[in-house]
């Protein structure tokens, strides 16, 4: 079997495992009171599902192959989980997908190569977002900033302007853990 076909399966397995890992990491973030981090893990989980679906499409009607050697990390605290996520996304964007891309090109698999390249770029965005979240968490900036900004309640959509998110949402009575920095989506 050509190496590109093995790499497709490796990438599929990795994306599938990442999806489940981020699901567990999101549950832990929620439990620790970080709803915005939970939401980002959920969004990334959905991205990883889409990656796995695309990779599976490229594998249809191809022979099965047995792959071993995958490590499943334990679910730790949110800071530990963010560090694990950063490491995983860094590996994918800096080593795994570039190598898979080059192998696919060498084997004449242009469509698969393009898919590897594009997914690798998405993983870079995931890594950078996790780095920023970890920095905010370590610097105590999840719910507090040095200057007034807008904070959005993830439950009801209430937007508050101030140096910190409200302890309790005045519109829906949900706790501060439901707030995130508000970004205008358009």
Q) Just wondering, is there one or more residues in region 23-43 that are under 16 Å from the mean Cα position of the chain (by Cα), over 28 Å from residue 153 (Cβ atoms) and surrounded by fewer than 18 Cβ atoms within 10 Å (Cβ to Cβ)? A) no
Q. Within region 112-140, how many residues turn out to be out of contact with any helix residue (DSSP H, G or I) (no Cβ under 8 Å at 6 or more places or on another chain) and farther than 30 Å from residue 57 by Cα?
A. 5
Q: Please enumerate the residues belonging to region 123-136 that are touching a residue at least 12 places away in the same chain (Cβ under 8 Å) and either more than 9 Å from the chain's Cα centre (by Cα) or not in a helix (DSSP H, G or I) (or both).
A: 124, 131, 133, 134
Q: Scan region 43-70 for residues that are farther than 12 Å from residue 15 by Cβ and either touching a strand residue (DSSP E or B) at 6+ places or on another chain (Cβ under 9 Å) or modelled with pLDDT under 70 (or both) and jot them down.
A: 62, 63, 64, 65, 66, 67, 68, 69
Q. Just one of 89, 161 is farther than 23 Å from residue 183 by Cα and at pLDDT 95 or above; which is it?
A. 89
**Q.** Subset of region 154-175 that is without any contact (Cβ under 8 Å) to a residue 40 or more places away in the chain and within 17 Å of residue 29 (Cβ to Cβ) - its residue that is surrounded by the most Cβ atoms within 10 Å (Cβ to Cβ)
**A.** 165
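The values are calculated or read from the model by the stated rules, or taken from the named source; none is laboratory data. Bear in mind that the values here come from a model prediction, so they are computed numbers and not experimental data. Note that we place each Cβ from the backbone using ideal geometry, even for glycine, and neighbour counts take in every protein chain shown.
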